[in-house]
Each structure stands twice: as structure tokens, then as C-alpha cells.
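The values are calculated or read from the model by the stated rules, or taken from the named source; none is laboratory data. None of these values were measured; they are calculated from a predicted model. A quick note on method: Cβ atoms are made from the backbone with ideal geometry, for glycine too, and the neighbour counts reach across all protein chains shown. These accessible areas exclude ligands, DNA and RNA; they are computed on the full protein's heavy atoms, side chains included. Shrake-Rupley method; radii C 1.70, N 1.55, O 1.52, S 1.80 Å.
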Amino acid sequence: MEDEGKLTSGITLAHDVNGKNKSAYEMRLKFLRDQLSNLRSERRAGLEEGLKKGREEERRKIVRNMAAKGMKITDIADIVGLTEEVQKLLEE
């Protein structure tokens, strides 16, 4: 019930603004919406980057484990699909 009162007062405030105040209100509202959109985009980009790094680290771990089990580099590269990267990973 308390939230309904806040919502109602917010709607009333929006309807009460006029002329110059309405323009300022709408500009501020647009600014806040843009900020929210930017934050969501940055968060999504950060999550994607984190997932990419996680996959790369997992790939490194798998390559090292395969090499530790005695698999040939060529076999590892065929499985993983990256010959040059496999060699670099094993050199690290």
C-alpha cells in the first residue's frame, strides 16, 4: 500500500509540472534513462569479457592436463584446434 502512495504521488508530480519545469523534468528523465541504458550495456560487456577469459583459462588448463598425460602436441592441437596457441601454452 505504501508503494502505491509513492507511485501516485510521483504520477501527480509528473502531471503537475508545466512549461519550463516539464521540459527540465523530461530532460532529467531522459538523462537518467540514458544512464541506466549505459550501465546495462557496460555490465553486459563486462560479463561477456569475463566469460571469454574464463573459457580461455579453461582451455589452457585442458591443454596442460593433456600434455601432462603424455598426449602429443599435434593430437592436442587437433582436439583443441589451435596449433600455435597449444605450443605457446605449453611453453608458458
**OP:** Consider LYS22 carefully, then state whether it is surrounded by 13 or more Cβ atoms within 10 Å (Cβ to Cβ), at pLDDT 75 or above and in a helix (DSSP H, G or I).
**Re:** yes
Original post:
Which of the residues that make up segment 50-60 are open to solvent by less than 100 Å² (accessible area, probe 1.4 Å) and out of contact with any Asp or Glu (no Cβ under 9 Å at 6 or more places or on another chain)?
Top reply: GLY50, GLY54, GLU56, GLU57, GLU58
